[in-house]
1. Taking the Cα atoms only, what angle lies between the long axis of helix 146-155 and the longest principal axis of the chain, rounded to 10 degrees?
2. Tell me which lysines have Cα within less than 29 Å of residue 70's Cα, excluding those fewer than 8 residues away on the same chain?
3. Once phi is turned into ³J(HN,Hα) by the Karplus curve 6.51 cos²θ - 1.76 cosθ + 1.60 with θ = phi - 60°, what whole-Hz value does each residue of the stretch 128-137 show in order, with x for glycine and proline?
4. Go through 9, 104, 146 and say which Cα lies farthest out towards the positive end of the charge dipole of the chain; charges sit on Cβ, +1 for Lys and Arg, -1 for Asp and Glu.
5. What angle do you read, to the nearest 10 degrees and between 0 and 90, between the alpha-carbon axis of helix 51-61 and the longest principal axis of the chain?
6. Quote the relative contact order of the chain in percent (integer), defining contacts as alpha-carbon pairs under 8 Å separated by 6+ residues.
7. Which FRET efficiency value, to the nearest 0.05, is calculated for residue 57 and residue 80 with the Förster distance at 22 angstrom and r the Cβ-Cβ distance?
8. Taking the Cα centroid of the stretch 26-44 and of the stretch 151-216, what is the distance between the two, rounded to the nearest whole Å?
Amino acid sequence: MKKIKLFLFDLDGTLIDSKRDIADSVNHTMRVLGLAEIPHEHIYEYVGNGVTPLIQKLVEEAGGPEAFPKALEVFKAHYQEHLLDTTRPFPGVGEVLHHFWDIPKVVITNKSQGYSEKILKGLAMEPFFKGTYGGDTQFPKKPDPSIVAHLLKSFQVSPQETVIIGDSRVDMETGHNAHILTCAVTYGFRPRSELEAVGYDYLIENPLGLIRLFGR
């Protein structure tokens, strides 16, 4: 069994199922702008790189690129108030966090810092983590490995003792770029084919798979 001394978790699609709240805020934005609503499944295809590219791509597709600044403003305001309407940890996440209570865990996400912290606090998950790094902190967004390099140094662990867990290509690329272990999850927002295309060291079908892989 592989000895892990640092867990790096993606947030959306890995720790939490937030897709409905994101999609609802997107379509609220579309209604305000007088644009056509977008099927939820299509919205999920763009989740993972942060709010700005999400809204920019969807507004452009809807035929209103000039409305992007207003769309971003509307989305941010609505999501701030509704990001905990239906968002919950995936089944098994709580058990995993308790199991690895004594091993450092950090959230690294392209989601904005403020949203991330509010969700983790609202779901009583914040105490499990040694830190949260959003996409608008001093470090570049994933898949840039800078944040991972910083954390390896801070926790004095080696790449071989560190694993990133995520549901998307960007998470696996972050791991590859930082030369750490990668664990892909199939229960998140992205298709398994995307994960297989970029490659990974481990694959789990549900959060409890982490205990089977790395539990003591």
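All of the numbers you see were taken from the coordinates with simple rules; none came from a lab. Because the structure is predicted, anything quoted here is derived from the model rather than measured. Cβ sites come from the backbone with ideal geometry, for glycine too, and all protein chains shown count toward neighbours.
1. Around 40 degrees separate the two axes.
2. Here the lysines satisfying the reach criterion relative to residue 70 are 19, 57, 111, 118, 121, 141, 142.
3. So the Karplus estimates, Gly and Pro as x, are 6, 10, 7, x, 10, 10, x, x, 10, 8 Hz.
4. 104
5. Helix 51-61 sits roughly 40 degrees off the main axis of the chain.
6. Numbers: 368 pairs, mean separation 59.7, N = 216.
Dividing the mean separation by the residue count of the chain yields 28 percent.
7. Details: r = 21 Å, r/R0 = 0.94.
Plugging the Cβ-Cβ distance into 1/(1 + (r/R0)^6) gives 0.60.
8. Cα centres, the stretch 26-44 to the stretch 151-216: 31 Å.
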